[in-house]
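Shown next, in structure tokens, is the structure this report addresses.
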Amino acid sequence: MVELMEAQLLEGKKIAEKMKVEIENRVEILSKKFRLIPTLRAIQVGEDHASELYLKSQKRAAESCEIQHEVTTLAATAEEKDLIGEIERANRDPKVHGIIVQMPLPKSYRIDRVLDAIHPAKDVEAVTTSNLGKLLINKEGLAPCTARACIRLIEETGANVYGKEGVVIGSSKVVGMPTFLLLIGKKVTSTICHTGTFKSGTLESHIRRADVLVVSAGKPNLIPGAWIKQGAIVIDVGINRVDGKTVGDIEFETAKKRAAFITPVPGGVGPLTTMTLMENLCSLLENVLIRPENLA
Ligand code: NAD
């Protein structure tokens, strides 16, 4: 009997180290040529545990690349217009180059309205209608960080994905949908699945034919390893807490026996997401400094 090889692990930390060197070079050029300190400003309303963890990892990644990271915290009682006012202040501040609005926001806020207050040229997470819309036209441009991180992981495999079958599970605005668009940009023949696919019972048949699979549903062990196509590239974006442990959306132990490449959870997509934020900041700055009319 032929013994099957286990999947190669796509370790986010190692790739993030490589990205850090690339970003450091870009930051050095920006700082020297334009005499500025690339600066991110995160704005939060009240305090939240998950948001604090994300802020910490942003700060760690930023400082490791000589990027300044500032946090503005509004009182938990602040109104939507106060947050929009704070975003507009950051839009006008020439020393701030990228703006992050921390989630969650109070339930009464209109999230799309708040995010659209960010100037597109400072929208480092690519969450404004303008930047999300541009993804349709310029699929290689600025994109939400997690989606870009997924694509970077796929690129790191060195596999030729041109014309292959891609399946994305999850259709959120910041993960599933942009990942789907970026895959299409790479000429991967792509399908997007969601709760409707799950309810119709066709999730398995889609997953079984996926050469490239990106799962971002936020449901622990939603995908049995036995569904994974032999030799697939498997990216698990899900972060779930089960019995005090962090797990993804895919049954890792069985999936790794079938996939050619697979991301661990934790340690796969996560470490790349914050590094991609730094990459997006460099792209925004380069874009504005070369074409200042973008800030008009
Ligand atoms: P979301 O809740 O906005 O979207 C989830 C999507 O999954 C929806 O489109 C929904 O239709 C789909 N879905 C839910 N249950 C399904 C099922 N049973 N079958 C098929 N589709 C199903 O979530 P999100 O913001 O896209 O995040 C998804 C997951 O990714 C979460 O676990 C989140 O914590 C994680 N995440 C990780 C990172 C990272 O850096 N690693 C970043 C962002 C999000």
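Data overview
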{"quantity": "Accessible surface, 1.4 Å probe, highest first, among residues 284, 289", "calculated": "289, 284"}
{"quantity": "Normalised contact order of the stretch 144-270, rounded percent, pairs of Cα under 8 Å and 6 or more residues apart", "calculated": "23"}
{"quantity": "Cα-based shape type of the stretch 144-270, given that a ≥ b ≥ c are square roots of the gyration tensor eigenvalues and the cut on a/c is 1.5", "calculated": "rounded"}
{"quantity": "Share, in percent, of DSSP beta bridges within the chain that are antiparallel, nearest 5", "calculated": "10"}
{"quantity": "Kirkwood-Stokes translational diffusion coefficient of the chain, alpha-carbon pairs, 37 °C, 0.692 mPa s, µm²/s", "calculated": "165"}
{"quantity": "Residue 155 - accessible surface, heavy atoms, 1.4 Å probe, Å² rounded to 10", "calculated": "90"}
{"quantity": "Angle between the chain longest axis and helix 49-64 axis [Cα atoms, degrees, rounded to 10]", "calculated": "80"}
{"quantity": "Listed residues 88, 286, 6 arranged by accessible area, highest first, probe 1.4 Å", "calculated": "6, 88, 286"}
{"quantity": "Residue-normalised accessible area of the stretch 144-270, expressed per residue, 1.4 Å probe, Å²", "calculated": "43"}
{"quantity": "Accessible surface ranking that places the most exposed of 109, 54 first, with a 1.4 angstrom probe", "calculated": "54, 109"}
{"quantity": "Share of carbon and sulfur in the accessible heavy-atom surface of the chain [1.4 Å probe, %]", "calculated": "56"}
{"quantity": "Pairs from 18/81; 33/59; 20/245 whose Cα-Cα separation, in the structure shown, is over 30 Å", "calculated": "18/81"}
{"quantity": "Charge tally in the Cβ shell below 13 Å around residue 18, where Lys, Arg are +1 and Asp, Glu are -1, residue 18 excluded", "calculated": "-3"}
{"quantity": "Length added when fully stretched, residue 226-residue 130, from 0.36 nm per residue minus Cα-Cα", "calculated": "30.5 nm"}
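The values are calculated or read from the model by the stated rules, or taken from the named source; none is laboratory data. Only a predicted model underlies this, so the values are computations on that prediction, with no experimental measurement involved. Glycine gets a Cβ as well: all are built from the backbone with ideal geometry, and neighbour counts include every protein chain shown. In case anyone asks, the SASA skips ligands and DNA or RNA and just uses the protein heavy atoms, side chains included. Shrake-Rupley method; radii C 1.70, N 1.55, O 1.52, S 1.80 Å.
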